[in-house]
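Single-structure report; data block below.
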Amino acid sequence: MTLPEQDSASSLRRALRLLRILAEGDPAGLRLKDIAEAAGCGQPTAHRILQDLAAEGFAEQVAGKRYRLALDFYVLAARAGQASGLREAARPALLRLSATLSDTIFLLVRNGFDAVCLDRVEGPFPIRSFTGDIGGKVPLGLGQGSLAILAHLPEDEQEAVIRFNIPRLLDRGFLDEASLRSALAQARAQGWVNTSTGLIPGMAGLGVPVLDAKGRAVAALSVGTLAERLNADRLPHVVKILQGEAQALAGKLNPFDVALRYPSRSLSTIGGS
């Protein structure tokens, strides 16, 4: 191999190394200094490679002069893996759940400090929900699916969300921070959330998290129904069915699915759903 070829090979390996560091780092981004240290190279070299990756759409600079993987990287990886999006993968589960339980079923994903309804299948009973229709969002912590996601986030992320969302939750009629933390602790302990708070009179719900390989909640399946239909006798049956579908869906998760990082982009393709 000639010297120019060796230099090209070294540059390629460094670029791939930086991509791996970004993929394994904080989703909010990493500082140039930390990237360079992890890669074992100088900051000028790391900066040059990051600029090349950004020019190709594989990396992006965000607030605070941090770098993270860009959307094009996830799109390319998803295409290479020929993996279905989360909404497409979950659609059969939502249809089965609605048919089996005769209730309305929701698929929620996290978007920053909010939970977004990525899909919904209507049951035969008229209900009201916090998220409303597909594309609706609520602060994380409000509603069963949203609580299920928040309860299974890493502790530091959960704390950041709680601090930011408490005023928003209070504005929506939530009791207080102590009540939220108690609900989150119970959700973590039992693995599901049952809500009948009275914020929407006559309505009740059940939510379970969809966990990735690291045990982190990336989505939630939830049931919205009449309070009388989620009594003590029926509740364990609904929990078992919902958890079974959530576990099956977890095995189909594509870590490069843009819906897990950019749910609004996934929603823009839904059309007339």
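A short reminder: the numbers here are calculations on the coordinates, not readings from a lab. Because the structure is predicted, anything quoted here is derived from the model rather than measured. Backbone-built Cβ (ideal geometry, glycine too); neighbour counts: all protein chains shown.
Distances between placed amide hydrogens fall under 5 Å for Leu140 paired with Asp114, Ala115, all partners being 5 or more residues away or on another chain.
Candidate cross-link partners of Lys240 among the aspartates and glutamates, defined by an alpha-carbon separation under 17 Å and a same-chain spacing of 8 or more, comprise Asp103.
Residue-wise HN-Hα couplings along segment 185-195, as the Karplus relation 6.51 cos²θ - 1.76 cosθ + 1.60 with θ = phi - 60° gives them from phi, are 5, 5, 5, 5, 5, 9, x, 7, 10, 10, 10 Hz; Gly and Pro carry x. Here Lys65 is the anchor, and the lysines within straight C-alpha reach of less than 19 Å, apart from those fewer than 8 places off in the same chain, are Lys33.
Subtracting the Cα-Cα distance of Asp176 and Ala227 from their residue separation scaled by 0.36 nm leaves 16.1 nm. Modelled spin labels at Lys240 and Ile166, positioned 7 Å past Cα toward Cβ, are 4.0 nm from each other. Counting 0.36 nm for each residue step from Thr100 to Asp52 and taking away their Cα separation leaves a gain of 12.1 nm.
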